[in-house]
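For reference, the structure discussed in these notes is given below.
The values are calculated or read from the model by the stated rules, or taken from the named source; none is laboratory data. All figures in this text were calculated on a predicted structure; none of them were measured in a lab. Because the Cβ atoms are built from the backbone with ideal geometry, glycine has one as well, and the counts that use them run over all protein chains shown.
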Amino acid sequence: MPNTRQPSELQGLTGVGPKVEEALNRLGLYSLRDLLFHLPGRYEDRTTRVDIAGVRPGVPQLLEGEITSQSMVPGRRMQAVLTFEDITGAARIRLFHFSRAYLATLRGADSVRIFGEPRVNQGVTEFIHPEISVFKGEPPPLDDTLTPIYPATDGLSQPKLRDIVRQALARGPDFYALEELLDVEHTRNRPALWDALIALHQPEKGLPANPFVERLAFEELLAHRLLLLTRRDDYVRFNAPQTRSTVCEARQTLVDRLPFELTGAQRRVLDEIDQDLTRGHPMLRLLQGDVGSGKTLVAALAALPVIQSGCQVALMAPTELLSEQHATQFSEWFRPLGVSVGWLTGSMKAQPRRTMLEQLRNGSCQIVVGTHALFQEQIVFKRLGLAIIDEQHRFGVAQRLLLREKGQRLTPHQLIMTATPIPRTLAMTHFADLDVSTIDELPPGRTPVDTRIVGQARASEITGRLDAQFDEGGQAYWVCTLIEETEQSVAEAAESRTEKLRLQLPHRRIGLVHGRMKADDKSRVMAAFAQGKLDLLVATTVIEVGVNVPNASIMVIENPERLGLAQLHQLRGRVGRGARVSFCILLAGDAISQQSRDRLNLLKDTNDGFVLAEADLRLRGPGDVTGTRQTGELSFRVADLAEHAHLLDEIAGLAEMIRTEHTDVRAQLIERWIGHEEHFAHV
């Protein structure tokens, strides 16, 4: 069938036909104005040229010369091998994606410029798919500015994308009539919007000056905050099950039975949750606290008034292992109170699963603990009132949206727990749609874990120390990591370490747990460890969250430099839960970088998860702190939270004013900066 789609304004640009337009659409670019805000992700320096004799392997460089020969090399993938020469020598170019027409163009060139990263292969300098510019006659002068590198997609080369953006910019500011959406108070002493855009697309000398970057970052951060606040407004306008009173006999009974007093922070946070539950609109609250601060108990106490009011509660954990531990803990707390607790996972056998589904449907199951299986279409609740999501960053926004639909006519309250403390800058950006409660006090009697950094060469000493600990009745974890972490490779590393430890400690009971094991097998090993039937548990980072074995007092982590501070802190939190003095041994590689050593020293010097989370944000970026690289949340085009944190307070005040008084400006800012990606931020 012929394509009847009308050409868009993008097809008015030279070199943009239907196929190129489709590629632009995949990048979220549908108009000329969208191109203005498709900003470079980085820049390359093509202002100087080097000779073949002077190239530095591994560093992108610009060279000029001639293509003197071409040959085709058959194989699994046909490749074109070109000889590139200048007056100082020759190099090889390998191409895997090419056409006959393209090769003919290269043959007919008087000269070419190539830009790429050279490597030395069997004594020959070679380039794999460099960017090649072809010239007839004298080549033009070199660029005197940095070259922008844009987010791209298949079917759009960097030169093509740069040319398309250049054409859009050439229309000039009068063509677009870009409106300054910020008032004078917030644009005073800041560059104009058009000037800032030009500075980033076409920097004059060196990197764009900071004022231009900051001007755009301010608007981008504002747009993101407005989007999240808008989604929150959309969500909380729904009706939620209303808890008439949080005075609850079952809650008081549970508190009275605890062998310890609640901390002041736990009581304060519980009051904040109670206020949300009585309002009749859905709660959206993030409950954060350091490892061992008692978040799960607060969630349990929050659930009891909801159950008392005739509603059901669902608690979702990221792994079957953690969900089983939660189910066991909640059963210990709730069954003496007459509250029925269920457990539902994807690996359950058919008959118990059918029974559980029926109990959820008829309401006889008052609280269910599970994994992602709770999102499945066939799961129907009689009256879901509260959803507790443990380890929030493991769940995507789409799954939270499915959860809302489980409430049918009423929208369930959401309490989202994370043991990865959220730095203030992230709370004001990625989590602006959530109210935040913080348990900033640990229960009395918890002693800090003594953290030591030890070289791999001393691994045998560590096994001797473990043996002595086992003589005293203690237990330990040994965690394996790898550089290229696939589930299979890490599992194999853990299996290999287990065999070595069994040879070194043949008289000890050593278990193994990793992500490729069946859920029942993992649960069986973990239960044996929790019951003291194993001395040492070799594991992957599958034990990162929630595992609670108070008798375990030593945590050994191999290659800790490969993990973020927040993840290391979570692993360390598996020990130090009982009366024993606890240790975390960081078994570091022999050739780690100074930055890695500095990070490990920071972990050694502090047990404060909030300090470590701030450092992780600074060193590794927000995706590693929040897990958003896995869940598909939005990332920023210009803004850098470490660089632009000082703008956030001003942005928060302005966002609140725009949200309530200038809804037209709110919509324009969101469209300008987020546009067609807006669906990512739905709660």
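Annotations
- Residue list for the stretch 299-334, restricted to those being assigned to a helix (DSSP H, G or I), among the polar types (S, T, N, Q) and in contact with a strand residue (DSSP E or B) (Cβ under 6 Å, 6 or more places away or on another chain): S323, S331
- Which numbered condition A90 fails, given (1) at pLDDT below 95; (2) touching a strand residue (DSSP E or B) at 6+ places or on another chain (Cβ under 7 Å): (1)
- Among residues of the stretch 264-299, those that are buried (at least 19 other Cβ atoms within 10 Å of the Cβ), closer than 19 Å to A240 by Cα and small (G, A, S), counted: 1
- Within the stretch 335-347, considering residues that are under 15 Å from A317 (Cβ atoms) and assigned to a loop (DSSP other than H, G, I, E, B), the one farthest from the chain's Cα centre (by Cα): S347
- Residue match in the stretch 25-38 (condition: outside any helix (DSSP H, G or I), farther than 18 Å from Y150 by Cα and either touching a residue at least 12 places away in the same chain (Cβ under 8 Å) or touching a Ser or Thr at 6+ places or on another chain (Cβ under 9 Å) (or both)): no
- Qualifying positions in the stretch 366-377 - more than 13 Å from Q408 (Cα to Cα), out of contact with any Ser or Thr (no Cβ under 7 Å at 6 or more places or on another chain) and outside any helix (DSSP H, G or I): I367, V368, Q376
- Qualifying residue in the stretch 662-682 (condition: among the β-branched types (V, I, T), modelled with pLDDT under 90, in a helix (DSSP H, G or I) and surrounded by fewer than 14 Cβ atoms within 10 Å (Cβ to Cβ)): yes
- Qualifying positions in the stretch 352-381 - among the aliphatic types (A, V, I, L, M), farther than 18 Å from P318 by Cβ and either in contact with a Pro (Cβ under 7 Å, 6 or more places away or on another chain) or surrounded by fewer than 21 Cβ atoms within 10 Å (Cβ to Cβ) (or both): M356, L357, V380
- Inclusion of P560 among residues that are of a type outside the set (K, R) and free of Cβ contacts under 8 Å to residues at least 60 places away in the same chain is not warranted.
- Of all residues making up the stretch 270-292, the number that are charged (D, E, K, R), farther than 17 Å from A419 by Cβ and either in contact with a His (Cβ under 6 Å, 6 or more places away or on another chain) or outside any helix (DSSP H, G or I) (or both): 1
- Selection within the stretch 518-548: residues that are buried (at least 18 other Cβ atoms within 10 Å of the Cβ) and free of Cβ contacts under 8 Å to residues at least 60 places away in the same chain. The member of this set that is nearest to M316 (Cα to Cα) is E544.
- Among the residues listed as S523, S553, the single one being within 20 Å of G464 (Cβ to Cβ) and either assigned to a helix (DSSP H, G or I) or at pLDDT 85 or above (or both): S553
- Selection of the stretch 61-83 for residues being under 29 Å from Q202 (Cβ atoms) and either in contact with a Leu (Cβ under 8 Å, 6 or more places away or on another chain) or surrounded by fewer than 15 Cβ atoms within 10 Å (Cβ to Cβ) (or both) yields only L62.
- Among all positions in the stretch 562-570, there is no residue which is more than 22 Å from R465 (Cα to Cα), in contact with a strand residue (DSSP E or B) (Cβ under 7 Å, 6 or more places away or on another chain) and part of a helix (DSSP H, G or I).
- For the stretch 424-452, residues that are basic (K, R) and within 21 Å of the chain's Cα centre (by Cα) total 1.
- Test result for H129, touching a residue at least 24 places away in the same chain (Cβ under 8 Å), out of contact with any strand residue (DSSP E or B) (no Cβ under 8 Å at 6 or more places or on another chain) and closer than 25 Å to L156 by Cβ: no
- Lone qualifier among I453, I483, I462 - being more than 30 Å from L262 (Cα to Cα), modelled with pLDDT of 85 or more and not in a helix (DSSP H, G or I): I453
- Residues of the stretch 167-207 that are among the hydrophobic types (A, V, I, L, M, F, W, C), assigned to a helix (DSSP H, G or I) and over 19 Å from R637 (Cα atoms): A170, F175, V184.
- Of all residues making up the stretch 39-79, the number that are over 36 Å from the mean Cα position of the chain (by Cα), under 14 Å from V112 (Cα atoms) and in contact (Cβ under 8 Å) with a residue 40 or more places away in the chain: 7
- Count - residues of the stretch 559-585 that are over 17 Å from L602 (Cβ atoms) and surrounded by 23 or more Cβ atoms within 10 Å (Cβ to Cβ): 4
- In the stretch 69-90, of all residues being part of a loop (DSSP other than H, G, I, E, B) and not small (G, A, S), the one that is farthest from D110 (Cα to Cα) corresponds to R76.
- Answer from E126, E131 - the residue that is within 41 Å of the chain's Cα centre (by Cα) and modelled with pLDDT of 95 or more: E126
- Flag if A303 is in contact (Cβ under 8 Å) with a residue 12 or more places away in the chain, more than 23 Å from the chain's Cα centre (by Cα) and buried (at least 24 other Cβ atoms within 10 Å of the Cβ): yes
- Odd one out for K205, checked against (1) surrounded by fewer than 17 Cβ atoms within 10 Å (Cβ to Cβ); (2) at pLDDT 90 or above: (2)
- Residue within the stretch 151-165 that is at pLDDT below 85 and surrounded by 14 or more Cβ atoms within 10 Å (Cβ to Cβ) present: no
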